[in-house]
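Peer 1: Below is a structure I'd like to ask you about.
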Amino acid sequence: MSKTPKPGFGAASDNSSHRAEGKLRTDVLAVNLIVNDQPRTMTVEPRMTLLDALREKLALTGTKKACDRGECGACTVHVEGRRVLSCMTLAAMQEGKRVTTIEGLERDGKLHPLQSAFIEHDGFQCGFCTSGQIMSGVAMVEEAKAGWPSAATADVRNAITLADLSDTEIRERMSGNLCRCACYPNIVKAAAELVGN
Amino acid sequence: MHPFSLSRATLPASAITAHALDPQIAFIAGGTDLIGLMKDRATLPERLLDINGLPNMGAIDALPDGGLRVGALARMSDVAADMEMRRRFPVIAEALLFAASGQLRNMASIGGNIMQRTRCAYFRDETDGRCNKRSPGSGCAAFRGLNRNHAIFGWSESCVATNPSDLAVALAAMDAIVIVGGQGGERRIPFTDFHRLPGSAPERDNVLDRGDLIVAIEVPANPEARASHYLKVRDRASYEFALVSTAAAVATDGERIRSARLALGGVAHKPWRLTAAESSLRGISLDDNDGLKSAIAASFADARPLAHNAFKVELAQRVALRALQTAGARL
């Protein structure tokens, strides 16, 4: 594989700007995160994604690595309460942030209601996408409670409530999570139970 | 990914200076486009400058004229959910909601959205090797390759890719202004001048130079925005780039169109404003299908489809018509 620098960032691969800064290049960084309510510190290379840091540095392997390109949603976690793709952000950019993974959803030994609903409605076969589906679904409900519209919303000028989350809305709002087993009908049923519709 | 260093910017001025002096620095905000490009080895910056900590760049503020100013670090999901944006510029909120996925919209910044590379599958495919965007002078694999998803307007033999941003189409229709900080101070770039056509330098997607930092986007008030709509047609029901999309907005005198705004996505290297159609639409009734069709056709005389995308010429006119009528129904 060629190591030739690509256009747009200068063809010359010299290190003059490093020397000009008068300091050695920093290859590793310490990062402090609050993961599932626990303060965690780890040492990472800047290129390490949040996904790889969770799995490889913290052994939180419930978050899955599938496409690693932001296309499948298997790596979905919450950062500051919002669903994001952990494969498309750098661990070192999350300094001080609160991260929740699938391991952090249960409370006092009890599953989150959406986890129970996935079991009840048979929302998975192989299970590889499931943690991402559940993290995404939990955040989807919070987004609807906050009044966020979606591409399935007929008129964005109107206010939105949780009661507007029809199956069509759930499908649209969950479209960032792919399931190769195609359990979509049961995933929608599980999410609809959480929504209460 | 290749090794790179990472530092955090705290002030716009120092970020601008660092970017101007060092051709190996890239700004990173949401990172959803840049990290994908780095994983595909389509760009290999040696240093990333994290701009997420720059102050006062994430707000949505009302402008005195009734428009809105959106900070460059505002996230797509926040802008799409903003009630003032939804009421004043529904076309912008809809364009944002039809883009990417819920997770990506939570991450991606507004400035980064309009900085997305104009690209096609050959650009992302390192194994082909022919792409004038990746390697200027290497040729264009798409020009004689599979070009169903490619441009029908404004292309050159050096590049036939289309810009992927839905937001950019809506902003072009609304005559938004990109506020850019640079070494010489701030300047205001009309949105339709922000992205470039490929010409003989397709590696340049927009008019920004080293040391330029998008600070905000202003959307001035206009009489058509209230009745506006974004319609996107794609191969999948959700989470897919546009085959063709239209941002439409219209104002009427009773039945007849007083003024209209139309811009297309998925058809060119930049958002494609239909200025000839906008002129021809004046005075036509919104329920006069034939009249609207022939007015829209005024902008398609110079369409130049490729081997596999002639369908876009007809599809784009139909999408424009439906978007215009849906916008009109909001009056």
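Read-outs throughout are calculated quantities, based only on the coordinates presented, and are distinct from any laboratory measurement. All figures in this text were calculated on a predicted structure; none of them were measured in a lab. Because the Cβ atoms are built from the backbone with ideal geometry, glycine has one as well, and the counts that use them run over all protein chains shown.
Peer 1: To the nearest 0.05, what FRET efficiency results for residue B:62 and residue A:157 with a Förster distance of 22 Å applied to their C-beta separation? Mind showing how you got there, number by number?
Peer 2: Working: r = 17 Å, r/R0 = 0.76.
Once rounded, the FRET efficiency stands at 0.85.
Peer 1: Which of A:126, A:179 comes first, and how do the rest follow, when ranked by fewest Cβ neighbours within 10 Å?
Peer 2: Fewest-to-most ranking of A:126, A:179: A:126, A:179.
Peer 1: To continue, here is another question. List every DSSP H helix in chain A whose Cα atoms extend 18 Å or more along the helix's own long axis and whose mean Kyte-Doolittle hydropathy is at least -0.5.
Peer 2: Helices passing the filter in chain A: A:130-145.
Peer 1: Calculate the dipole size of chain B relative to its Cα centre from +1 charges on Lys and Arg beta carbons and -1 charges on Asp and Glu beta carbons; express the result in debye to the nearest 20.
Peer 2: Around 460 debye, computed over chain B.
Peer 1: Let me make sure I get this right: for segment B:5-53, a, b and c are the square roots of the gyration tensor eigenvalues over alpha carbons, sorted descending. Under 1.5 in a/c it's rounded, otherwise prolate if a/b > b/c, else oblate. Which is it?
Peer 2: Oblate.
Peer 1: About its Cα centre, how strong a charge dipole does segment B:228-328 have in debye, to the nearest 20, once Lys and Arg get +1 and Asp and Glu get -1 at the Cβ?
Peer 2: Dipole magnitude for segment B:228-328 comes out near 320 debye.
Peer 1: Stick to Cα atoms and the Kirkwood definition of Rh, then tell me Rg/Rh for chain B. Please list the in-between numbers first.
Peer 2: Numbers: Rg = 19.6 Å, Rh = 20.2 Å.
For chain B, the value is 0.97.
Peer 1: A follow-up question, please. Arrange the following residues from fewest to most other Cβ atoms within 10 Å of their Cβ: B:174, B:107.
Peer 2: B:107, B:174
Peer 1: Farthest toward the dipole's positive end in chain B, which of B:3, B:262, B:52, given Cβ charges of +1 (Lys, Arg) and -1 (Asp, Glu) about the Cα centre?
Peer 2: Farthest towards the positive end: B:3.
Peer 1: Given R₀ = 56 Å, FRET efficiency for residue B:294-residue A:56 by Cβ-Cβ distance, to 0.05?
Peer 2: With a Förster radius of 56 Å, E is 0.35.
Peer 1: Go through A:188, B:327, B:12 and say which Cα lies farthest out towards the positive end of the charge dipole of the protein assembly as shown; charges sit on Cβ, +1 for Lys and Arg, -1 for Asp and Glu.
Peer 2: B:12
Peer 1: Mind sorting B:313, A:35 by how few other Cβ atoms lie within 10 Å of their own Cβ, fewest first?
Peer 2: So the ranking, lowest neighbour count to highest, is B:313, A:35.
Peer 1: Could you check the simple spin-label distance between residue A:182 and residue A:27, using points 7 Å along Cα→Cβ, in nm with one decimal?
Peer 2: 4.9 nm
Peer 1: Assuming a ≥ b ≥ c are the square roots of the Cα gyration tensor eigenvalues, decide whether segment B:147-235 counts as rounded (a/c under 1.5), prolate (otherwise, with a/b larger than b/c) or oblate.
Peer 2: Oblate.
Peer 1: Post the alpha-carbon centroid distance, segment A:132-157 to segment B:69-88, in whole angstrom.
Peer 2: 16 Å
Peer 1: Same structure again: Where q = 0.05, 0.06, 0.12 Å⁻¹, what log10 of I(q)/I(0) comes from the Debye formula for the protein assembly as shown, counting one point per Cα?
Peer 2: -0.20, -0.29, -1.19
Peer 1: Quick one: Cα convex hull volume of chain A, Å³ per residue?
Peer 2: Hull volume normalised by residue count: 175 Å³.
Peer 1: Apply 1/(1 + (r/R0)^6) to the Cβ-Cβ distance of residue B:279 and residue B:330, taking R0 = 35 Å, and write down the FRET efficiency to the nearest 0.05.
Peer 2: Numbers: r = 22 Å, r/R0 = 0.64.
It comes to 0.95.
Peer 1: Tally the DSSP beta bridges in the protein assembly as shown and give the antiparallel ones as a percent, rounded to 5.
Peer 2: 85 percent
Peer 1: Please give, to one decimal in nm, the separation of the simple spin-label points placed at residue B:138 and residue B:200, each 7 Å out from Cα toward the Cβ.
Peer 2: 2.1 nm
Peer 1: Nearest 20 debye, what's the magnitude of the dipole of the protein assembly as shown about its Cα centre given +1 on Lys and Arg Cβ and -1 on Asp and Glu Cβ?
Peer 2: Here the size comes out at about 820 debye.
Peer 1: Roughly how many nanometres apart are two label points built 7 Å out from the Cα toward the Cβ at residue A:142 and residue B:1?
Peer 2: 2.4 nm
Peer 1: Given the Cα-Cα distance of residue B:301 and residue B:188 and 0.36 nm per residue of separation, how much length would full extension add, in nm? Each step should come with its number before you reach the end.
Peer 2: Details: separation 113, 0.36 × 113 = 40.68 nm, distance 3.19 nm.
Taking 0.36 nm per residue and subtracting the Cα distance, the gain is 37.5 nm.
Peer 1: Which residue, B:132, B:176, B:289, has the largest displacement toward the positive end of the dipole of the protein assembly as shown when charges sit on each Cβ (Lys, Arg +1; Asp, Glu -1)?
Peer 2: The residue sitting farthest along the positive end of the dipole is B:132.
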